Amino acid sequence: MRLRRIVTIVLAACLCATSAPRAAAQSGDAGAEWSAFQKIAAHFTDASFVLVTVVTDGDRQLESKLRVWFRKPHFAKCEVVEGNGAGGVAVWRGGDMVLVRPPGLLSRFVLALHRDDPHVVDVRGRSCGQTTLDNFANDFAAHGTLSESPGPNVDGSATDVVTWTRDPGAATGDSKRELFISRATHLPAELKSFAGERLVEDSFYREIRLDEGLPFSTFDL
């Protein structure tokens, strides 16, 4: 049980931080920054970023800092560098399985778990593979509507906020999401998710680098 509990912590930290909302692109013309972000996301090959995230569900909360790499079409890796599960790594290379290396003394183990395994999904019930910027851009508006308006400064950068509001009866636990897009880079700076009026996720995207030429070996464990 100890190993499974640690695996749960590692994967929850990784997956909650890297899960992008799944949807059908219904509101591609929400605004200028949204459109600029969509164009960037459609043309990059690989990317990396640092994510600082706090996710809650009831009385459970995860706080983590992660480094994330991904390459189209279906390669993703996240390493928890601080917070819950620090030292753990999860890798998805397409298909239904996720490879996991737990932190600490258990790092000699590599586990293969189904991406929908209860020990793999995050505290919001989301699974690995929903991590790429192109999914973020193309899938953000499923079962909801988008609007764009001026946002606050995030990490010193002016933003526009793209607000997603769930359609009645849609099958998602979030009632609203707010994506803050930097006017300087046209890339995500922050994501907030809400259940009713309660904030359940607050994630900051930092050090985003596109088209670094990541080799496939990046996604080995």
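Taking θ = phi - 60°, what integer Hz values does the Karplus form 6.51 cos²θ - 1.76 cosθ + 1.60 yield along the range 45-54, in sequence order, with x for Gly and Pro?
9, 9, 7, 9, 6, 9, 10, 10, 9, 10
Residue 96 to residue 114: extension gain in nm, 0.36 nm per residue of separation minus the Cα-Cα distance? It would help to have the intermediate numbers written out before the result.
Details: separation 18, 0.36 × 18 = 6.48 nm, distance 0.56 nm.
Length gained between residue 96 and residue 114: 5.9 nm.
What is the Cα coordinate range of the range 161-221 on the first, second and third principal axes, sorted by size from largest, in whole angstrom?
So the three principal-axis extents are 43, 32, 17 Å.
Once you place label points 7 Å from the Cα toward the Cβ at residue 199 and residue 153, how far apart are they in nm?
1.8 nm
We did not get these values from a lab; they are worked out from the coordinates using the rules stated. Predicted model, so just to flag it, every value in this text is computed and none were measured. All Cβ positions, even for glycine, are placed from backbone atoms using ideal geometry, and neighbour counts span all protein chains on display.
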